[in-house]
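Student: Attaching a single structure in structure tokens format; questions to follow.
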Amino acid sequence: MSAEKTHPSVSPVLVLFRDDFRLADHPALFGACTTGQPVLCVYVHDPETTRGGAIGWWLAQACTALADALSEKGGTLHHLSGHTPDVVAEFAQAAGVDTVFWNRRYDPTGKAQDTALKARLEQQGISVQSCAARLLHEPWTIRTGAGTPYRVFTAWWKAARAMGNPGRCLPAPRQITFSPLPADARALTLRTLPPAPPLPAGASAAEADWPCTEADAQDTLTTFVEDNLAHYIQEHDRPDKDTTSRLSPYLRAGLLSARQVWHAVSTAATTPALAENAEKFLSELGWRDFAWMQLFYEPDLAWRNLRPEFDHMPWQKSPALLAAWQQGQTGYPLVDAGMRQLYATGWMHNRVRMVVASFLTKHLLTDWREGEQWFQARLVDADPAQNAMNWQWCAGTGIDASPWFRIFNPVGQSEKFDPTGAYIRTWVPELRQMPDKLIHTPWKADASLCRQIGFTPGRSYPNPIVDLKLARGIALECWKNLPDRKESGR
Ligand SMILES: Cc1cc2nc3c(=O)[nH]c(=O)nc-3n(C[C@H](O)[C@H](O)[C@H](O)COP(=O)(O)OP(=O)(O)OC[C@H]3O[C@@H](n4cnc5c(N)ncnc54)[C@H](O)[C@@H]3O)c2cc1C
């Protein structure tokens, strides 16, 4: 775009993009376009919010995809660098912007930054339009009769359903009139972009697994609705089937909105059977909103036990056990398959996430925050609210959590949800020759079978790092000894 010496005669408006890398159902962009004023699109490389790990890589891909999409429409995504409230206020002033549009954030840093930015802009006489885009419902809109935030999902979900459908989806603007970059603002933009965060070591499979454009997100949604929605209830717990939507990375980067997913799934529910599956799926999408509602009210969700009695849990601090879990070397095939899938692709099936989280916190008695941080580093869908809430759910430390005494048996879970071992064989190749009957418990293979398939227990594949029964007993004992423990876990 050409630089102009003076401000254009009509003031431009500015759209700030953050984790909403799409053109369709983007209320901030749509609102900016409806002003009829020329638009400046901006992204900030902010050290306070920039992420590393797989999610850093993923968000950088999504940002590039958005820049390409804007460029196809004849525009530019302008990159700034620095603390968002400072650099956006400075840029808006220099560019002669009269309104800044953004989609709202609900995490503590995002909220604080946006509050500060709004104050700065308004002081400068620039108005702000913030929009609801990330969730189905704003976190504060669904409250109990007493006016307090819900603490139990089922009651919250009932209230959410009673609100009806979330608002309609906005189309991508048919045409965007881009503003030229005013000369005074030019110096504030980055000419050379910072290098994109690389994929973490070992995660090269993520590149092929996760194509990253808005069209790819829409294709993933369409494929799910057409091919797999009808089996959702029956198959969503089966990692071997792998028929869940796999939309989480796209939702995380905002390559599509939760509203778009909601409407696509609701519209497809044309028969009672589909409607039942759709309802189940939508309730899972509801957990995403519920997580963000929790983070909105509990900003320290990722590090504070919401049930304070767990502050006294005698967590083990064994680097060796933690490393075995992280590397998928625990000797429990379903746990190892999940951890290796995560390591290689940046994603793991939900059922397996629950199993590995239960195993880490209860069988290895390791603080859930270690697991939360490992997931944050390795997941392409790493989300500050969903990850933290789910770890607290699995560890029993959350407000609506699975009670501590519900300890998943990784062998039983494996037999139930990966009955032929297809998922395990994909991720634990050492066990490919194991018969179905023994794939969940390879340590039980007798010497002649081992010879026959060339398997050396402990060498070909680790022996179990803990005894399940013993570890379970210790976990229950530790929990029983917690001061002020609540029996129900709720
Ligand atoms: C320990 C643990 C950590 C997790 N960390 C994350 C995370 O960082 N980011 C993330 O997106 N999900 C997280 N989840 C939730 C869930 O595992 C993933 O959303 C799901 O596996 C994504 O696959 P999918 O899109 O095929 O899911 P589908 O079954 O197709 O569900 C559709 C969408 O609903 C939402 N959803 C489904 N289950 C949950 C749930 N339990 N909690 C919140 N939202 C849900 C997701 O946005 C998902 O994309 C975690 C779960 C556990 C047990």
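The values are calculated or read from the model by the stated rules, or taken from the named source; none is laboratory data. Given the structure is predicted, the values throughout are model-derived calculations rather than measurements. Please note: Cβ atoms are built from the backbone with ideal geometry, for glycine as well, and neighbour counts cover all protein chains shown. These area figures cover heavy atoms from the full protein model, side chains too; ligands, DNA and RNA do not enter into them. Shrake-Rupley method; radii C 1.70, N 1.55, O 1.52, S 1.80 Å.
Student: Treating each Cα of segment 6-134 as an identical point scatterer and ignoring solvent, apply the Debye formula and state log10 I(q)/I(0) at q = 0.12, 0.19 Å⁻¹.
Tutor: -0.42, -1.13
Student: Whole number please: convex hull volume per residue of the Cα set in segment 308-480, in Å³?
Tutor: 105 Å³
Student: Then there's this: Using the C-alpha gyration tensor of segment 24-66, what are the square roots of 5 times its eigenvalues, in whole angstrom, with the largest one first?
Tutor: So the three semi-axes of segment 24-66 are 26, 12, 8 Å.
Student: Beyond a 26 Å Cα-Cα separation, which of these cross-linked pairs lie in this structure: K416/K444; K280/K437; K73/K118; K280/K444; K317/K437; K317/K416? Could you put the intermediate results ahead of the total?
Tutor: Numbers: K416/K444 18 Å; K280/K437 32 Å; K73/K118 29 Å; K280/K444 38 Å; K317/K437 35 Å; K317/K416 31 Å.
With Cα atoms farther than 26 Å apart: K280/K437; K73/K118; K280/K444; K317/K437; K317/K416.
Student: Another question about this same structure. Write down the radius of gyration of the chain and its Dmax, each obtained from C-alpha positions, in Å.
Tutor: Cα-based Rg and Dmax for the chain come out at 24.5, 85 Å.
Student: Here is a follow-up. Across segment 174-189, in residue order, what do the Karplus-derived ³J(HN,Hα) couplings come to in whole Hz, using 6.51 cos²θ - 1.76 cosθ + 1.60 with θ = phi - 60° and x for Gly and Pro?
Tutor: Once rounded to whole Hz, the list reads 5, 9, 10, 8, 7, 7, x, 7, x, 4, 5, 8, 4, 5, 8, 8.
Student: Right, next: What ranking, highest mean first, results for peptides 454-466, 130-142, 243-255 when packing means the other Cβ atoms within 10 Å averaged over each residue?
Tutor: Put in order of decreasing packing, that is 243-255, 130-142, 454-466.
Student: Expressed as a rounded percentage, what relative contact order does the chain have, with Cα pairs under 8 Å and six or more residues apart?
Tutor: 17 percent
Student: Within the chain, which DSSP H helices have Cα atoms that stretch 30 Å or more along the helix axis and a mean Kyte-Doolittle hydropathy of at least 1.6?
Tutor: In the chain, no H run is both long and hydrophobic enough.
Student: List the pair-distance distribution P(r) of segment 102-148, using every Cα-Cα distance, as the percent of pairs falling in each 5 Å bin from 0 up to the bin containing the longest distance, rounded to whole percents.
Tutor: Going from the shortest bin to the longest, the percentages are 5, 19, 22, 20, 16, 11, 5, 2, 0.
Student: To continue, here is another question. Could you sort 24-31, 107-114, 13-20 so that the peptide with the highest average Cβ count within 10 Å comes first and the rest follow in order?
Tutor: Top of the packing list down: 13-20, 24-31, 107-114.
Student: Counting alpha carbon pairs within less than 8 Å and at least 6 residues apart, what relative contact order, in whole percent, applies to segment 1-114?
Tutor: Working: 136 pairs, mean separation 44.2, N = 114.
Averaging sequence separation for qualifying contacts and normalising by length gives 39 percent for segment 1-114.
Student: Hey, what does the equivalent ellipsoid look like for segment 399-490, semi-axes from the Cα gyration tensor as sqrt of 5 times each eigenvalue, largest first, whole Å?
Tutor: Values: eigenvalues 235, 47, 17 Å².
Computed over segment 399-490, the values are 34, 15, 9 Å.
Student: Just reorder V355, V225 by solvent-accessible area, largest first, 1.4 Å probe, all chains present. It would help to have the intermediate numbers written out before the result.
Tutor: Details: V355 0, V225 30 Å².
Ranked from most to least accessible, the order is V225, V355.
Student: While we're here: On alpha-carbon atoms, Rg over Rh for segment 77-174 using Kirkwood Rh?
Tutor: Radius of gyration over Kirkwood radius for segment 77-174 works out to 1.08.
Student: Restricting things to Cα coordinates, could you compute the convex hull volume per residue of segment 65-125 in Å³?
Tutor: Numbers: hull volume 6.4 nm³, N = 61.
Dividing the Cα hull volume of segment 65-125 by its residues yields 105 Å³.
Student: Evaluate the relative contact order of segment 252-341 (contact order divided by residue number), counting alpha-carbon pairs under 8 angstrom at least 6 apart; express in whole percent.
Tutor: 12 percent
Student: Right, something else. Rounded to the nearest Å, what's the spacing between the alpha carbon centres of segment 427-490 and segment 195-262? Just the number, please.
Tutor: Value for the Cα centre distance between the two parts: 30 Å.
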